[in-house]
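The values are calculated or read from the model by the stated rules, or taken from the named source; none is laboratory data. Remember, it's a predicted structure, so these values are computed and weren't measured experimentally. Using ideal geometry, Cβ is built from the backbone for each residue, glycine included, and neighbour counts are taken over all protein chains shown. Protein only, heavy atoms only, side chains kept; ligands, DNA and RNA dropped before computing areas. Shrake-Rupley method; radii C 1.70, N 1.55, O 1.52, S 1.80 Å.
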Amino acid sequence: MEQDDTKLQFDPHGNLRHLLSLRGLDAKLLTELLDDAERYLTTPGALPARNQSLAGRTIGNLFFEPSTRTRASFDLAGRRLGADVLNLDVNTSSRKKGESILDTIYTLEAMHVDVMVVRDAGDGVPAYIARNVKDHVSVLNAGESDVSHPTQGLLDLLTIRQHNPDFKNLVVAIVGDIQHSRVARSASEALQTMGVGELRLVSPPALAPDPERFPGARIVDNIVDGLRDADVVMALRIQRERIGNLDGVPGIDEYFAKYGIHHENIKHAKADVIIMHPGPMNRGIEIEGTLADGPRSVITKQVTNGVAVRMAVLNRIGKMMGAR
Ligand code: ASP
């Protein structure tokens, strides 16, 4: 997304209209969204929070790349706010027959879809759609190539805040395929806005990021240096679908030994470290299964928080629509 597109996210009154990136969202807005999300969390086993703030609105889920958690949580979030939710089946949609993305969007607009939730492998697709929809439509980015995944960034920020809200004194280590990770990009944008103490990006040299994409972060290739005294460790999947050439990427055993999060290296982090993973997880590659299931893991909490932050974003968009 171009820098100027960050402005595209707001309506003329400064209200959030599209969520395309966490760039351009200040600490106040991020905090408000997390506070709103907290209000949707109920204790396990209790009925989930719901209201009718989006009653009469229609949300279209357009996922042109695979998804489990993001798609399911946008679906549940919309329904729990009383909206109609349309899950477009991409495998049988006309885009497969060569229809352009805008023709698909215009078709959904004609059916009175108010919110388009879009995941696509192409850079800039959510912003392109946002520039072309009618004034009454909002676009939410649900994962854009290796560029951005803003609701994932929000749920990660919420999960970290629940562990320790003192961002300025936190050391966060993101470990794995940073170069191709939209999750790392959005988490990094959100954490820098909140003034994180130190952000370390740990990866094999072949998967190291372009430093310009991660201003303020420290790029590290030794896992022990990366994990030392960390408060938060986030493991990432290798994005094989985005890597043309695997030359230089360690094989599975070497990768797990050197860059996987396991019982041996996690000892270098703080004793109360939290372990995160956005899913889908490859046990025995980027994370040891017993750590993923262990007491330091907040991976299922991230999933729960994912529904809550998507409700918070949808609710905010719904209010903006109501105020028009
Ligand atoms: N689910 C996350 C994403 O869509 C992470 C991943 O796929 O590895 O980016």
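I need the full set of residues from the stretch 210-246 which are open to solvent by 80 Å² or more (accessible area, probe 1.4 Å), more than 16 Å from the ligand (Cβ to nearest atom) and touching a Leu at 6+ places or on another chain (Cβ under 8 Å), in order please. Across the stretch 210-246, the qualifying residue is only 218. Can you tell me which residue in the stretch 274-291 is farthest from residue 13 (Cα to Cα), limited to those that are buried (at least 21 other Cβ atoms within 10 Å of the Cβ) and either touching a helix residue (DSSP H, G or I) at 6+ places or on another chain (Cβ under 7 Å) or not β-branched (Val, Ile, Thr) (or both)? Filtering first and then ranking leaves 288. Within the stretch 134-154, the set of residues being away from the ligand (no atom under 11 Å from the Cβ) and β-branched (Val, Ile, Thr) comprises 137, 139. Within the set 35, 75, the sole residue that is more than 16 Å from the ligand (Cβ to nearest atom) and either assigned to a helix (DSSP H, G or I) or out of contact with any helix residue (DSSP H, G or I) (no Cβ under 9 Å at 6 or more places or on another chain) (or both) turns out to be 35. Out of 178, 160, which single residue is crowded, with 24+ Cβ neighbours inside 10 Å, more than 13 Å from the ligand (Cβ to nearest atom), of a type in the set (A, V, I, L, M, F, W, C) and within 24 Å of residue 285 (Cα to Cα)? Answer to the selection: 160. Selection of the stretch 181-209 for residues being within 16 Å of the ligand (Cβ to nearest atom), of a type in the set (A, V, I, L, M, F, W, C) and out of contact with any strand residue (DSSP E or B) (no Cβ under 6 Å at 6 or more places or on another chain) yields 183, 187, 190, 207. Restricted to the stretch 49-67, and to residues that are more than 11 Å from residue 318 (Cα to Cα) and assigned to a strand (DSSP E or B), which residue is nearest to the ligand (Cβ to nearest atom)? Ranking the candidates gives 63 first.
Only a single item in (1) assigned to a loop (DSSP other than H, G, I, E, B); (2) surrounded by fewer than 21 Cβ atoms within 10 Å (Cβ to Cβ) is not met by residue 304, and it is number (1).
Taking the criterion of being within 16 Å of the ligand (Cβ to nearest atom) and either open to solvent by 10 Å² or more (accessible area, probe 1.4 Å) or of a type outside the set (Gly, Ala, Ser) (or both), the residues of the stretch 256-273 that qualify are 259, 261.
Selection within the stretch 90-122: residues that are modelled with pLDDT under 95 and not in a helix (DSSP H, G or I). The member of this set that is surrounded by the fewest Cβ atoms within 10 Å (Cβ to Cβ) is 98.
Here's the yes/no breakdown for (1) open to solvent by 70 Å² or more (accessible area, probe 1.4 Å); (2) of a type in the set (Asp, Glu); (3) within 23 Å of residue 191 (Cβ to Cβ); (4) touching a residue at least 60 places away in the same chain (Cβ under 8 Å):
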{"position": "7", "(1), (2), (3), (4)": "yes, no, yes, no"}
{"position": "26", "(1), (2), (3), (4)": "yes, yes, yes, yes"}
{"position": "41", "(1), (2), (3), (4)": "no, no, yes, yes"}
{"position": "52", "(1), (2), (3), (4)": "yes, no, no, no"}
{"position": "67", "(1), (2), (3), (4)": "no, no, no, yes"}
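For residue 47, only one of the following conditions fails: (1) over 22 Å from the mean Cα position of the chain (by Cα); (2) surrounded by 15 or more Cβ atoms within 10 Å (Cβ to Cβ); (3) not charged (D, E, K, R). What is its number? Of (1) over 22 Å from the mean Cα position of the chain (by Cα); (2) surrounded by 15 or more Cβ atoms within 10 Å (Cβ to Cβ); (3) not charged (D, E, K, R), only one is false for residue 47: (2). Cβ-Cβ distances below 7 Å connect the following pairs, each with a first residue in the stretch 88-102 that is closer than 20 Å to residue 66 by Cβ, a second residue that is open to solvent by less than 50 Å² (accessible area, probe 1.4 Å) and among the β-branched types (Val, Ile, Thr), and a separation of six or more residues or different chains: 93/104; 94/104; 95/101; 95/104; 101/125; 101/129. Considering the stretch 186-209, and only residues there that are open to solvent by 10 Å² or more (accessible area, probe 1.4 Å) and aliphatic (A, V, I, L, M), the residue that is farthest from residue 167 (Cα to Cα) turns out to be 206.
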